[in-house]
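Asks: Input: one structure, supplied below.
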Amino acid sequence: MDQHVHEWAAAVKSKLRPGTPGRPATMQPGDIDELICALKQHGLWGDFTLSPDNGDISYRLHAALQLLLQDVSSKRAIAWWERWRRGEPSHNNDLDNRRHAIRSWVTATCQTIADAATRNMDAIHRFRYAQETSQRYLVNDFLARCLHMLWEEEHAIAKSFLVP
């Protein structure tokens with residue numbers, strides 16, 4: 001999951017533009033770096049995981065998404081996030097909107113992971129078939145089966161988070 005969070009944060013950062021004198025931007029390009037810095041200061045950046053056993057995301061991922069999925073300045077986002085982290089009350093609409101945003105992000109990311117896993121499993125299957133038909137064994141079959149099994153596991157975990 002770390003790679004997906006990093007790529008997503010970089011993509012968001014690249015799309016942010018500074019505001020104009022008459023229309024200030026809600027979030028500035030440097031705000032993403034400030035948010036990531038806040039997560040690092042609290043030891044919550046990286047090692048993001050999904051748990052297929054209970055269908056939940058790790059606290060680290062939840063905390064990061066709570067902070068990163070806000071469309072406000074980094075100072076306001078960090079202030080709200082600090083209150084959330086301490087368990088202080090918040091507006092129910094804010095929490096509902098954030099839950100929806102987190103669920104949407106996780107669903108979209110899991111769909112991307114599942115699609116990539118399917119493509120990779122298919123590629124391994126085609127590669128193994130090509131090796132068998134050509135009698136040219138470039139890669140040990142055991143290694144190919146192990147890689148296939150890893151992609152199968154990633155696919156299963158990602159699919160467990162998708163709404164049927």
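The values are calculated or read from the model by the stated rules, or taken from the named source; none is laboratory data. Small disclaimer: the values here were computed from a predicted structure and weren't measured. Neighbour counts are summed over all protein chains in view; Cβ atoms, including those assigned to glycine, are modelled from backbone coordinates with ideal geometry. When the accessible area is computed, the model is the full protein with side chains, heavy atoms only, and any ligands, DNA or RNA have been set aside. Shrake-Rupley method; radii C 1.70, N 1.55, O 1.52, S 1.80 Å.
Asks: What is the helix-to-structure angle for 74-85, meaning the angle in degrees between its Cα long axis and the longest Cα principal axis of the chain, kept from 0 to 90 and rounded to the nearest 10?
Replies: Tilt of helix 74-85: around 80 degrees.
Asks: So, for segment 104-164, what is the accessible surface per residue at a probe of 1.4 Å, expressed in square angstrom?
Replies: 68
Asks: On C-alpha positions alone, give me the angle between the axis of helix 92-134 and the longest principal axis of the chain, in degrees, nearest 10.
Replies: 20
Asks: Hey, what's the per residue convex hull volume over the C-alpha atoms of the chain, in cubic angstrom?
Replies: 162
Asks: Pop the C-beta distance of T133 and N54 into the FRET formula with R0 = 35 Å and round what comes out to the nearest 0.05.
Replies: Approximately 0.20, to the nearest 0.05.
Asks: Residues with beta-carbon under 13 Å from that of T109, excluding T109: net charge, scoring Lys, Arg +1 and Asp, Glu -1?
Replies: -2
Asks: Expressed as a fraction of 2.2 N^0.38 Å, the rule-of-thumb size for a compact globular protein of N residues, what is the C-alpha radius of gyration of segment 59-112?
Replies: Cα Rg divided by the expected 2.2 N^0.38 Å: 1.13.
Asks: Just the number, please: carbon plus sulfur as a percent of the accessible area of the chain, 1.4 Å probe, no ligands or DNA/RNA counted.
Replies: 54
Asks: Something else: So, by mean Cβ neighbours within 10 angstrom, what's the order for 124-133, 59-68 with the highest one leading?
Replies: 59-68, 124-133
Asks: Moving on. With a 1.4 Å probe and all protein chains left in place, how much accessible area per residue does segment 22-85 have, in Å²?
Replies: Heavy-atom SASA per residue in segment 22-85 reads 51 Å².
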